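Some notes on the structure that comes next.
The values are calculated or read from the model by the stated rules, or taken from the named source; none is laboratory data. The model shown is predicted, which means the values in this text are computed figures rather than measured ones. Reconstructed Cβ throughout: ideal geometry from the backbone, glycine too, with neighbour counts over all protein chains shown. Note: areas computed on protein heavy atoms with side chains; ligands, DNA, RNA excluded. Shrake-Rupley method; radii C 1.70, N 1.55, O 1.52, S 1.80 Å.
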Amino acid sequence: MKLRQSLFLLVVLLVLVGLYAALQYGRRHQAEQAEVSKQVFSFAPENVQRLSITRIGETPAVAERISAEEWRIMEPNPTIVPFHLMWNRVATHLAGLANEHTVLESPADLAPYGLDTPALEVDAALADGTGIHVRFGALEPTGRYRYARLDDGNMFLVRKDVFFELDRALNDLRHRYLVANREVPLAQLEFAWIWTDPPVDKDGRRIETGQEAIAIKVERADASAPWRVISPYEALARHEKVEALASALQFALCKDFIDAPENLSDYGLQPARARITFKDAGAGEERTVLLGKADDSPDKAGLFVKLDGQDAVLVIDAPLLSLLPASTTEWRDLRLLTGRVSDIKELTYTRGDTRMVLAKDTEGGWHLTEPVLEATNEFAVNAFLRFIKEVEGKDFVEDAAAQDRLKNPEVRISLLSDNDAASEILLAPADTAGAWYARQDSGGIVSLDGVAVNMLLISPDTFQSLELLRFVKGGVRELQLTFEGREYRIARRHDVWTATAPEGFQVGNQADVETLLDTVCPLNAISIIEDTGGDAAVFGLETPVFSLTLFLGGAEGPPQEELSLDIGAVCPDNSSERFARSSARSGIFTISQEVMDKIREALRGFK
């Protein structure tokens, strides 16, 4: 193709593209012009200074604009807090109201269109003093539009979805939460029960109806910081309990409202049962909520509350009651370790002559570094650390006797954190048998007893692994075993177990060999025999009931590793256990008789 022809075709293409773009622009412009021609009003939403929304059978909701984004409700109750977003939304949809079709210029009878008793009336006052009154009637026959009329002018149709945006009940137009901003966590809480019974003399003092008990106050620096009790004492707070109440307040949804109630006593609010004052981080101010009785009606189950400054009773979810502290000490953290285990890099446990050191490696795993054990049970180490974090005292102890006992503790748990900050947990027995005192890492003293104490009184054996035997079963190339006085040898050939001794012996069932290996891998002991006396015959291990030697490695060349297991006599003081030893561990152990029973079952086919 010649250059002139190519240029001509390019010019034609450009002309066609331009014509298409112009056509599309024209269509869009016509559509935009058509939409603009439908507009009933020409003012901007921000010019709406006052709105009145009257739904059929309901009191008008009236509000006026106080800033670009904020409104103030005037009727039916000036103390109602507005939902600013919804009032702005109504103003926006009113400004954009469109006439989809003019029905009649001046209808004589409004009843057929539902305009004699409108479903909705919206009145607005604009910044220039202009007043607007729009009435909305019934749905037209297709169900897609509603009849509407501006002042006494023409009757026209509006889309059903636009009517929905304007048809807002008072509960849609009011702020329905206890906090100003649900996205900002609370930073401070104060709670107190209120005496609701008749006046009474108790513990030498007079308690009047409506009098508050001692308040408990907690606060935190920010959302990521822990809660702390700052009154009536100072201590770290039980984070989970305080956070549960703080979250319940932050996300509580008011399901119903009783505006301008005649008698607060009807709702258990005169006097109220309790008071919660919280720092609303969103509004930067303190708010007080009074808690009343539960509303147990089937359709409105909840809790009656009153928010300070509002002439209304609110109904919120009743579960809030279950999160309230029964006493001033309930929010105080009773755990021995109030910090985080993840922040600790070393723990030293001292009890008498016993000293153990647990250290965290670079991967975050914990190990017993002192004393050095032949085999450490890492699960036991982690379980002990979890227990220290989770164990709680029964109650706080304030008397001097506890402090005196802890000056010379029986157990000292020294903690070193990643930033080299040091703290201690101390344990000492109390006067009562089985009772102990414990000093938290934060300095508080709590009482302990029972299982909690037993789990904290440990020795190096606590972390001693009881695993006798473990190997990779796929790596076993040959095994030799002695059972009931006869020796057997079995080798793996092409992934098939084949008998090599004694003569005439055959492996009748491959599953028997696999069952045998599964029984002894892994094999865990029940206990360690501390004093063996050096005489294996005492434990039946000089002539064991069962002996097993495993040869591990590839099919060619000498075995890379040998492991052996001997099972001896039944324990004289416990017939459900037998003595055993393994080449993988030094010493003598006890194992369950069940292990031997499974071995016998697996070897039943060996003939």
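Checking each residue in region 433-449 for being over 25 Å from residue 357 (Cβ atoms) and in contact with a strand residue (DSSP E or B) (Cβ under 9 Å, 6 or more places away or on another chain) picks out 434, 435, 444, 445, 446, 447, 449.
Of the residues making up region 308-323, at least one is over 17 Å from residue 256 (Cα atoms) and modelled with pLDDT of 90 or more. Of all residues in region 67-112, those being of a type outside the set (Phe, Trp, Tyr), within 40 Å of the chain's Cα centre (by Cα) and outside any helix (DSSP H, G or I) number 12. Would you list the strands (runs of 3 or more DSSP E) that sit entirely within region 343-434 and hold 1 or more residues that are free of Cβ contacts under 8 Å to residues at least 40 places away in the same chain and either open to solvent by less than 50 Å² (accessible area, probe 1.4 Å) or out of contact with any Gly (no Cβ under 8 Å at 6 or more places or on another chain) (or both)? Counting at least 1 such residues, we get 354-360, 366-370, 422-429.
Given the options 405, 386, name the one that is under 23 Å from residue 353 (Cα atoms) and basic (Lys, Arg).
Details: 386 fails: under 23 Å from residue 353 (Cα atoms).
Of 405, 386, the one residue that is under 23 Å from residue 353 (Cα atoms) and basic (Lys, Arg) is 405.
Out of all the residues in region 46-66, which are outside any loop (DSSP other than H, G, I, E, B) and either hydroxyl-bearing (Ser, Thr, Tyr) or open to solvent by less than 40 Å² (accessible area, probe 1.4 Å) (or both)? Across region 46-66, the qualifying residues are 48, 51, 52, 53, 54, 61, 62, 63, 65.
Can we say residue 461 is acidic (Asp, Glu) and either surrounded by 17 or more Cβ atoms within 10 Å (Cβ to Cβ) or closer than 30 Å to residue 425 by Cβ (or both)?
yes
Within region 96-121, restricting attention to residues that are open to solvent by less than 40 Å² (accessible area, probe 1.4 Å) and in contact with an Asp or Glu (Cβ under 9 Å, 6 or more places away or on another chain), the residue that is modelled with the lowest pLDDT is 110. The strands (runs of 3 or more DSSP E) located wholly in region 464-519 that include 2 or more residues which are in contact with a strand residue (DSSP E or B) (Cβ under 7 Å, 6 or more places away or on another chain), among the small types (Gly, Ala, Ser) and modelled with pLDDT under 95 occupy 496-501. The requirement of being under 20 Å from residue 479 (Cβ atoms), open to solvent by 50 Å² or more (accessible area, probe 1.4 Å) and more than 52 Å from the chain's Cα centre (by Cα) is fulfilled nowhere in region 512-520; no residue meets it. For region 280-307, a residue qualifies if it is modelled with pLDDT under 85, among the charged types (D, E, K, R) and open to solvent by 30 Å² or more (accessible area, probe 1.4 Å), and the qualifying residues are 285, 296, 299, 300.
Limited to region 181-208, what total is found for residues that are closer than 18 Å to residue 269 by Cβ and touching a Phe, Trp or Tyr at 6+ places or on another chain (Cβ under 9 Å)? Before the answer, list the steps.
At the first step, the residues of region 181-208 found to be closer than 18 Å to residue 269 by Cβ are 191-198, 208.
Restricting the remaining residues to those that are touching a Phe, Trp or Tyr at 6+ places or on another chain (Cβ under 9 Å) gives 191, 208.
The number of residues fulfilling the criteria is 2.
If you check 91, 127 for being within 14 Å of residue 41 (Cβ to Cβ) and modelled with pLDDT of 95 or more, only one passes: 91.
Which residue pairs have Cβ atoms under 6 Å apart, sit 6 or more places apart or on different chains, and have a first residue in region 67-89 that is under 23 Å from residue 308 (Cβ atoms) and a second that is part of a loop (DSSP other than H, G, I, E, B) and β-branched (Val, Ile, Thr)? From region 67-89, the pairs are 72/66; 73/80; 76/59.
Scan region 443-452 and tell me whether some residue there is within 30 Å of residue 585 (Cβ to Cβ), touching a residue at least 60 places away in the same chain (Cβ under 8 Å) and in a loop (DSSP other than H, G, I, E, B). Within region 443-452 (the criterion being within 30 Å of residue 585 (Cβ to Cβ), touching a residue at least 60 places away in the same chain (Cβ under 8 Å) and in a loop (DSSP other than H, G, I, E, B)), the answer is no, since none of the residues qualifies.
Taken over region 318-331, the criterion of being open to solvent by 40 Å² or more (accessible area, probe 1.4 Å) and under 20 Å from the mean Cα position of the chain (by Cα) is satisfied by 319, 321, 322, 323.
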